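Please read the structure below before turning to the comments.
The values are calculated or read from the model by the stated rules, or taken from the named source; none is laboratory data. All of these numbers come straight from a predicted model, not from anything done at the bench. Cβ atoms come from the backbone with ideal geometry, glycine included; neighbour counts cover every protein chain shown. Quick note on the areas: whole protein, heavy atoms, side chains included, nothing else; ligands and nucleic acids left out. Shrake-Rupley method; radii C 1.70, N 1.55, O 1.52, S 1.80 Å.
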Amino acid sequence: MKHKFFKAVLFGSLLTIASCNSTEQANTILAQKYQGSQVDAFFLQYGPPVRSFRTKAGDTIYIWAEEPKNYFIPPTANTTLNNYGTTSYATTNFYGGGSYNVQCQLKVIADRRGVIKQIVAHKDTVGDWDLSRCHEVFGKTK
């Protein structure tokens, strides 16, 4: 009985991991959607780049970034009540807490005519609900 349960849990875990979207999947979608299109159209839809660099060959490398989302994680607390005769006191310890940012950044390379030659994730954090923030932003089907 335990053996069957273990197999079911293992299969479910593997299925869950396999269904997660990755940066590689986001890069594939980006290339399919935008490679060969005009860089201006991309920036009009998603906002301007944060940096750019012109190469000797005449290509332009852009870094595009969405506004980062910052999530606060509250600490957990553990309170212990101690009694010594008729005296009581409490000790509270706090653990963890902090924050993390969620953001997708892309590197977009366009030729001198403004045609996108390459578009890939430059920085891809964990998303709101997925393993790839870039996949959350660009992997939606319309």
- [ ] Mind telling me which of the residues 93, 101 ends up being assigned to a strand (DSSP E or B), open to solvent by 80 Å² or more (accessible area, probe 1.4 Å) and modelled with pLDDT under 95?
- [x] 101
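For segment 18-64, enumerate the residues that are touching a Pro at 6+ places or on another chain (Cβ under 8 Å) and under 14 Å from residue 134 (Cα atoms).
63, 64 - these are the residues of segment 18-64 that are touching a Pro at 6+ places or on another chain (Cβ under 8 Å) and under 14 Å from residue 134 (Cα atoms).
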TODO: Those residues that are among the β-branched types (Val, Ile, Thr), open to solvent by less than 80 Å² (accessible area, probe 1.4 Å), within 18 Å of residue 121 (Cβ to Cβ) and in contact (Cβ under 8 Å) with a residue 12 or more places away in the chain, I need them from segment 25-81; list them, please.
DONE: 29, 39, 61, 63
Task: Exclusive hit being more than 18 Å from the chain's Cα centre (by Cα) and over 18 Å from residue 27 (Cα atoms), set 95, 100 - done: 95
